[in-house]
Structure formats: C-alpha cells, structure tokens
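What follows is a single structure, written as structure tokens, with notes after it.
Quick note: the coordinates plus some simple rules give every number you see, no bench work behind them. What you see is a predicted model; the values in this text were computed from it and never measured. Counting neighbours? That spans all protein chains shown, and the Cβs are built from the backbone with ideal geometry, glycine included.
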C-alpha cells in the first residue's frame, strides 16, 4: 500500500476522482494527507468528508519559497508519503522538494504537452490559448515533475476534440472528464510499480 500526499489549490475535482477510485479498490494506495496553499480551497472539505487529514499551509508565514516548501516536505515526511500528486496545485516546488521526491511527483496538465504548457499556462488560460490558436485537438497529460515547468517525462496522454462552438467553459468541462480518468490511472500504475523512467520516456510495464 503506497502512501500518497495530494497538493491542491482549488475545488479538488481531480482529488475527488482519486478518492473515489481508492474507495472502489482500484488503487493500491491511500491518501495520508491533502495539503492546500489556499485556505478556501474546497478540496480541503472534500478530504475531510472522506476522512482524510487536510492541512492549509499559509505561504505568507514563511520568509521564502524554500522555507514554505520545507514545511510541506516536513508534513509529508511525518506521514511517510511515498508519492506526491499535484492535483491543481498552483505553486512552485523548490529544487530541494523536487530532488527529495525525484521520480515520485505526478502532475496533471490540461493540454497535450508539449503544446500549451510552461510558465503561465494553467487553468482556464490553457483552454483560452487552445481556442485562440484554433487547434483541432487538445487533451490532458499526466507527467512526472522535474526542475522545469511541464517538462518532466510523460506518463499518459489522451486527446479531446475541439468543437467549432466551444467556449473556455465547455472545453474545460470535457478536458476535466479526461483528467478524472487519467490521473487515477497513472497513480494506479505507479502504486503497482509499473512505471519506469528511462531518460525522457516513461515505460509502462
């Protein structure tokens, strides 16, 4: 049974998809803690409803990004977390954090990386960029986190068709449905020891 820590900043719909699949016995892991950098994140309420420990850590109480990240590492370490999942977490991880959990941090991104990703590409902005560019396909990507922004080895991807009459909201809704499938699937594969990082690629065993 793998100990999982989930970092969030918002409503936590991806968190809910993980909770649901764990409760259905599809993932051989357990969420030990959910940590948010925002006090009003609804994901904290989702965690409590599921009987999972939920923590809000206020970045303003720390003198630097590094100290803030160190506090999160401390809380994860206390609970012997082996896999860190970023489920809509809008804060930068320090080099120390990434180094400590190298090959054990998973992130979900609402596009087909390497398109529409990198600095400043998150949330609704991504869908707006997709619509403005006029591409016919977008989607979701689950990847391991490295020192760059959305540059880590890709675990899973799934495409979503962009419709002529799509708005940011309608496109976001369809991409989210795919995110809710992909993220738990990637976590399940990790917990089963079936993901091997080979250079820039992830091999699924």
If one compares the long axis through the Cα atoms of helix 65-78 with the longest principal axis of the Cα atoms of the chain, the angle in degrees, nearest 10, works out at 70 degrees
With the label point 7 Å along the Cα-to-beta-carbon line of residue 70 and a cut-off under 17 Å to each amide N, the hits in the range 28-61 are 58-61
Scoring the chain by relative contact order with C-alpha pairs under 8 Å, at least six apart, yields a percentage of 20 percent
Quick calc, residue 173 & residue 102: beta-carbon distance into FRET formula, R0 41 Å, rounding 0.05, result 0.75
In Å, the Kirkwood hydrodynamic radius from C-alpha pairs for the range 155-205 sits at 12.7 Å
For the chain, the longest principal axis of the Cα atoms and the Cα long axis of helix 168-191 enclose an angle in degrees, to the nearest 10, of 50 degrees
per DSSP, antiparallel bridges as share of beta bridges in the chain, % nearest 5, sits at 45 percent
By the C-alpha gyration tensor axes a ≥ b ≥ c (rounded if a/c is under 1.5, else prolate when a/b exceeds b/c, else oblate), the shape of the range 108-205 is prolate
Once both label points are put 7 Å beyond Cα along the C-beta direction, the residue 80-residue 132 separation in nm becomes 4.8 nm
Rounded to the nearest 10, the angle in degrees between the Cα long axis of helix 13-23 and the longest principal axis of the Cα atoms of the chain comes to 60 degrees
So for the chain, using the alpha carbon gyration tensor with a ≥ b ≥ c as root eigenvalues (a/c under 1.5 gives rounded; past that, a/b versus b/c decides prolate or oblate), I'd call it rounded
Quick calc, residue 164 & residue 39: beta-carbon distance into FRET formula, R0 35 Å, rounding 0.05, result 0.30
Mean-square fluctuation maximum in Gaussian network of the chain, Cα pairs under 10 Å, restricted to 176, 90, 137, hits 137
Counting only backbone N atoms under 13 Å from a point 7 Å out along Cα-to-Cβ of residue 20, the residues of the range 150-188 in range are 176-185
So the FRET efficiency between residue 201 and residue 90, C-beta based with R0 = 25 Å and rounded to 0.05, is 0.35
